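The values are calculated or read from the model by the stated rules, or taken from the named source; none is laboratory data. Since this is a predicted model, take the numbers as computed values, not measurements. Don't worry about glycine lacking a Cβ; one is built from the backbone with ideal geometry, like all the others, and counts go over all protein chains shown. Just the protein is used for accessible areas: all its heavy atoms, side chains included, with ligands, DNA and RNA removed. Shrake-Rupley method; radii C 1.70, N 1.55, O 1.52, S 1.80 Å.
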Amino acid sequence: MAALFLGINANAARMDMVDVSNNNGYMSTAEYVSMRNEFGVKAVTVKISEGGTYKDPYASSNIANGQAAGLYVNGYHFAHYKTKAQAIAEADYAGQAAKAAGLPVGAVLATDVESAEEQGILSQATNDRNNAAFMKEIQKFGYRADIYTSGSWANNKMTIKGKTGWVAGYPYVMSGQKWYTNNNAWQWSGSAHFRISYGGFDVSQLYTDYYTAGQKSTVKPTNKDAVKANNKEANKPSTSAKWVKESKTYTLKAAVNLRTSASTSSNTITILPAGTTVKTDQAIIHGGYRWVRQPRFNGYGYLVTGPASNTLEYVKSGTSHTYYTVKSGDSWWLIAQRNGLSMTTLASQNGKTIYTTIYPGQRLVVR
């Protein structure tokens, strides 16, 4: 994101917003503080829900930890609706999930409209009607509404004009539309890195105060010492035994505790759900278990892969992959369909999200 304009103040400081979901794993307060202090991020938009049956398991912690780091906090819902009735039902589902997760009243709860198999086949007029229904319904929960979509979809599949919309526009100008200046927010990156082990992040620049006006900033100029003290144990790598190098990627077969040291009595950072991908740098047989170490922004996380017999009972190892080279006209949906995968699974196993832009020549893991 480039320069920021809040309302008509052309001299306002740049303000970036990062969006997060289960694809990024557990995000601690310290990680959000780093984004804020070192990289200028001022707001976070949290995935709340998808369709009418999925609630993001990290929504509550992302909201709480983002607020604790002093960021403006908003939410979004990944839409699958094709009719007005479905749009209203998904808005009700998203609003209830947001309330349960702790999204503050006055925050934005945007509808993320980019699902090719649903909205992609509809007319512009139908998408406009459905999006309007969702946004009207979501306001009943005390949230402000907006639309997130791509620049090409904003041009062709729906109406987004004036100071509305949160648009991912690559390149900067598409079909004569300057998506990087005309709307509330412009997503300028789908692969930003903040020295965090969970891969790239989508980052957007705010061009109006729409994503901040409904809530008070809790930014505290200097709270680095407090964060360091609160995360002291997590910042310490374990030194109780000899570790060996192991650069591997595991996929969990079961939920596993991520701990602050290689001990079952140490504090739990979070519970990693089945299906989580974990990248490691070291391993050890210690205390009756096989442990691996996961590099994180604020130190390391430690998890058991199985008993000391090295059976790896909690993880899937053996990482021979099949790759696909992206061609012109490809999308996450098309590649996923060809390989019998969901878009979320395809993106996740490549360390990305379904919002990340892919380019011809890029290699993706499909098996």
| message | Within segment 108-127, take every residue that is in contact with a helix residue (DSSP H, G or I) (Cβ under 6 Å, 6 or more places away or on another chain) and in a helix (DSSP H, G or I) and give me the one that is surrounded by the fewest Cβ atoms within 10 Å (Cβ to Cβ). | response | 119
| said: Can you tell me which condition residue 344 does not meet? The list is (1) modelled with pLDDT under 80; (2) in a loop (DSSP other than H, G, I, E, B), and all the others hold. | reply: (2)
| said: Take residue 281 and tell me if it is over 19 Å from the mean Cα position of the chain (by Cα), among the charged types (D, E, K, R) and assigned to a loop (DSSP other than H, G, I, E, B). | reply: no
| Filtered residue count, segment 204-223, keeping only those that are surrounded by 17 or more Cβ atoms within 10 Å (Cβ to Cβ), farther than 12 Å from residue 36 by Cβ and at pLDDT below 80 | 2
| field | Verdict on residue 130 being of a type outside the set (A, V, I, L, M, F, W, C), over 18 Å from the mean Cα position of the chain (by Cα) and outside any loop (DSSP other than H, G, I, E, B) | value | yes
| request: With respect to residue 37, determine if the residue is within 10 Å of the chain's Cα centre (by Cα) and either over 26 Å from residue 88 (Cα atoms) or among the aromatic types (Phe, Trp, Tyr) (or both). | output: no
| request: Considering every residue within segment 21-40, establish whether at least one is surrounded by 24 or more Cβ atoms within 10 Å (Cβ to Cβ), charged (D, E, K, R) and either in a strand (DSSP E or B) or out of contact with any helix residue (DSSP H, G or I) (no Cβ under 6 Å at 6 or more places or on another chain) (or both). | output: yes
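Matching residues to (1) assigned to a helix (DSSP H, G or I); (2) at pLDDT 90 or above:
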{"site": "75", "(1), (2)": "no, yes"}
{"site": "91", "(1), (2)": "yes, yes"}
{"site": "95", "(1), (2)": "yes, yes"}
{"site": "104", "(1), (2)": "no, yes"}
{"site": "134", "(1), (2)": "yes, yes"}
{"site": "161", "(1), (2)": "no, no"}
| message | Condition first: assigned to a helix (DSSP H, G or I) and either open to solvent by less than 10 Å² (accessible area, probe 1.4 Å) or out of contact with any helix residue (DSSP H, G or I) (no Cβ under 9 Å at 6 or more places or on another chain) (or both). Now tell me which residues in segment 41-60 satisfy that. | response | 59
| field | From the options 175, 191, 197, 150, residue that is at pLDDT below 90, open to solvent by 20 Å² or more (accessible area, probe 1.4 Å), touching a helix residue (DSSP H, G or I) at 6+ places or on another chain (Cβ under 6 Å) and among the small types (Gly, Ala, Ser) | value | 175
